[in-house]
There are 2 protein chains.
Amino acid sequence: MFEFLRKKVGETIAITEEEFDFCKTLFIPKKLRKKQYLLQEGDASAYTAFVEKGMLRTYSIDEKGNEHILQFSSEGWWVSDLYSFLTGEPSLFTIDALEDSELLLITKASWDKLLDKIPAFERYFRILIQNNLIATQRRLISSISETAEKKYLKLLDSQPDCIQRVPQHMIASYLGITRETLSRIRSQMSARK
Amino acid sequence: MFEFLRKKVGETIAITEEEFDFCKTLFIPKKLRKKQYLLQEGDASAYTAFVEKGMLRTYSIDEKGNEHILQFSSEGWWVSDLYSFLTGEPSLFTIDALEDSELLLITKASWDKLLDKIPAFERYFRILIQNNLIATQRRLISSISETAEKKYLKLLDSQPDCIQRVPQHMIASYLGITRETLSRIRSQMSARK
DNA sequence: ATAAGGCCGTGACCTATATCAACGGCATTT
DNA sequence: AAATGCCGTTGATATAGGTCACGGCCTTAT
């Protein structure tokens, strides 16, 4: 059950068997069916989750009821509303499952314990967050400077798996465009090809 | 010279005098005149910098020559192209001074040494990067879901100091709009008031 | 098997923002 | 004090993308 987590962590930091045994005791396995919530906007985020299987999305909903997807999280990635998890404040985001999924949950208290007892995990999460920041910065610049088509091409290039597994209207809301616009871009692209 | 850095670090983690004495040996003071570069696009980012005084901007330039500002960094904040600093790859961003500025530079080698010798700094940077990620995620969502006016109002609210110190056309390029549009938004706002 | 709803495509029209161009006001340089 | 850049403003026009409306095709539920 924990082999995959062990593998992913091991790709970034070195830890001993004993350290990982301690780590294991802190996680709570959880299965989520497609469409189930991990977190609803307005609730406090109790957990951060490692995705063993499946796919989740983190999104916010604006006044008009439109969804804006912050990220997709598939196998081997982590998912949470970082701010709410860290502060206990109500979340601005909703997280739900796009497929039946299997997660390993950790509470804030356990997470604090993990970072305190095993400094290598402090480093692990620093690196994880760092890479996430770099990716988010790039997406921000892309979002303010590129056309819809370029953003889509960039996504095709960087997350081809997502595009296979996620319905198109969610891709659109990840890119910050409407599903109609994405549909038209795709048909133009295939016409040109 | 290092009091300010000491104070800012102390707000997040606890460190001893000896630890900070070691820390001090790793930084290189540097003054930058207005308009001078800290980093040019295409170069590798040799340093991460703590801003003691002044204001810098990190931006990219698109094919049409338009600038897109990723962030402003004033006193007490850090500035670098994280990706280039970490990997040694050529930078996608340019960093320059908007005012005469005073910086404390640290190389990648020294930074690695600092994190290895003093685990509290591992935590310090984890938290720093974490907060930056939270802010960047919010800006991304705002960028894909809100009107130009709302984005401007949000900035007025969150970074009023920036708006005082930075020329308007740079605020526009931070928001991802043209200077003409920002000018019109401002005049509409003052007409309504 | 039929109904209901999610998902995708397409047309007609609308709107926020970009683009292009010109102008006036400050600073800075000569 | 004239000249040269920056900077912000304003007007006219263009355009990418949004909105609204409809229809067809699957999948899931009854």
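Data for the structure
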| item | result |
| --- | --- |
| Matching residues in region A:154-169 - criterion: being open to solvent by 20 Å² or more (accessible area, probe 1.4 Å) and either within 9 Å of DNA strand C (Cβ to nearest atom) or of a type in the set (A, V, I, L, M, F, W, C) (or both) | A:LEU156, A:ILE163, A:PRO167, A:GLN168, A:HIS169 |
| Given (1) buried (at least 17 other Cβ atoms within 10 Å of the Cβ); (2) of a type outside the set (D, E, K, R); (3) assigned to a helix (DSSP H, G or I), number of the condition B:PHE22 does not satisfy | (1) |
| Identity of the residue in region B:120-145, open to solvent by 40 Å² or more (accessible area, probe 1.4 Å) and among the charged types (D, E, K, R), that ends up nearest to DNA strand C (Cβ to nearest atom) | B:ARG139 |
| A:ALA109 being of a type in the set (Gly, Ala, Ser), more than 10 Å from chain B (Cβ to nearest Cβ) and either surrounded by 20 or more Cβ atoms within 10 Å (Cβ to Cβ) or within 16 Å of DNA strand D (Cβ to nearest atom) (or both) | no |
| Residue check, A:LEU114 closer than 28 Å to A:GLY10 by Cβ, open to solvent by less than 10 Å² (accessible area, probe 1.4 Å) and in a helix (DSSP H, G or I) | yes |
| Matching residues, region A:172-193, being under 19 Å from B:ARG138 (Cα atoms) and not small (Gly, Ala, Ser) | A:TYR174, A:LEU175, A:ILE177 |
| Among (1) more than 10 Å from chain B (Cβ to nearest Cβ); (2) closer than 25 Å to B:PHE93 by Cβ; (3) surrounded by 16 or more Cβ atoms within 10 Å (Cβ to Cβ); (4) within 16 Å of DNA strand D (Cβ to nearest atom), the one test that A:ALA172 misses | (2) |
| Filter result for A:SER91 (in contact with an Asp or Glu (Cβ under 6 Å, 6 or more places away or on another chain), within 13 Å of another protein chain (Cβ to nearest Cβ), among the hydroxyl-bearing types (Ser, Thr, Tyr) and within 16 Å of DNA strand C (Cβ to nearest atom)) | no |
| Candidates B:LEU104, B:LEU86, B:LEU98, filtered to the one that is under 19 Å from the mean Cα position of the chain (by Cα), open to solvent by 10 Å² or more (accessible area, probe 1.4 Å) and in contact (Cβ under 8 Å) with a residue 40 or more places away in the chain | B:LEU98 |
| Residue in region B:146-169 that is within 12 Å of DNA strand D (Cβ to nearest atom) and within 11 Å of chain A (Cβ to nearest Cβ) present | yes |
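The values are calculated or read from the model by the stated rules, or taken from the named source; none is laboratory data. Because the structure is a prediction, the values reported are computed rather than measured. Neighbour counts run over all protein chains shown; Cβ positions are idealised from the backbone, glycine included. These area figures cover heavy atoms from the full protein model, side chains too; ligands, DNA and RNA do not enter into them. Shrake-Rupley method; radii C 1.70, N 1.55, O 1.52, S 1.80 Å.
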